[in-house]
Amino acid sequence: MPESDDNDQEARFTTVTGGMPERRGPLHLLMNDVMAEYRRGVLYFDAGDPVEAAKILATVLDEEPGNAEVRLWLARAYFASAQLRRAETHLRALVDRDPSDHYAHHLLGRTLERQHKPREALPFLRLAAAMATVPDYADAVRRVETAC
């Protein structure tokens, strides 16, 4: 693509491998910002700061409300920072959206367990344990069964 004095045109197009121009406009920049914020939220979570991770991931979820991966990371951040009602809300949405998500079932059960609701937690924990043979899942079922 020939060079142009028009800065606006240069901002919208970049040359990629093969010499074909690729459109880069405001939507592309917004998506890059959202993706960067998502990565930043996950980094904060992995670094042991779930409160800051939750703040960041909540803004990402506002931009991408249908993104289950973002919702799960946000629920995990809420769970890790003991914002259990918020975690529960997002986990229920995930379980409703995808009933085969064993991890969402498990984490919802754990969230309910931490809120001292063992009878409500047990069905979610049992279902998660039935869907996947993860030692933590079976341990959670046994622990909550004894609490009931």
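The values are calculated or read from the model by the stated rules, or taken from the named source; none is laboratory data. It should be emphasised that the depicted structure is a prediction, and the values quoted were computed from it without experimental measurement. Neighbour counts run over all protein chains shown; Cβ positions are idealised from the backbone, glycine included.
Identify all residues within the stretch 77-92 that are assigned to a helix (DSSP H, G or I) and surrounded by fewer than 23 Cβ atoms within 10 Å (Cβ to Cβ); write none if there are none.
Those that are assigned to a helix (DSSP H, G or I) and surrounded by fewer than 23 Cβ atoms within 10 Å (Cβ to Cβ): Phe79, Ala80, Leu84, Arg85, Arg86, Glu88, Thr89, Arg92.
Can you confirm whether the stretch 108-122 contains a residue that is within 16 Å of the chain's Cα centre (by Cα) and touching a residue at least 24 places away in the same chain (Cβ under 8 Å)?
Yes, some residue in the stretch 108-122 is within 16 Å of the chain's Cα centre (by Cα) and touching a residue at least 24 places away in the same chain (Cβ under 8 Å).
I need the full set of residues from the stretch 35-50 which are surrounded by 15 or more Cβ atoms within 10 Å (Cβ to Cβ) and part of a helix (DSSP H, G or I), in order please.
Glu37, Tyr38, Arg40, Gly41, Val42, Tyr44, Phe45, Pro50
Would you point out which residue out of Leu74, Leu61, Leu107, Leu57 is modelled with pLDDT of 95 or more, touching a helix residue (DSSP H, G or I) at 6+ places or on another chain (Cβ under 7 Å), surrounded by 14 or more Cβ atoms within 10 Å (Cβ to Cβ) and not assigned by TED's automatic domain parsing to the domain that holds Met31?
So the residue among Leu74, Leu61, Leu107, Leu57 that is modelled with pLDDT of 95 or more, touching a helix residue (DSSP H, G or I) at 6+ places or on another chain (Cβ under 7 Å), surrounded by 14 or more Cβ atoms within 10 Å (Cβ to Cβ) and not assigned by TED's automatic domain parsing to the domain that holds Met31 is Leu107.
Just need a number here: residues in the stretch 123-139 that are within 22 Å of the chain's Cα centre (by Cα) and assigned to a helix (DSSP H, G or I).
Number satisfying all stated conditions: 8.
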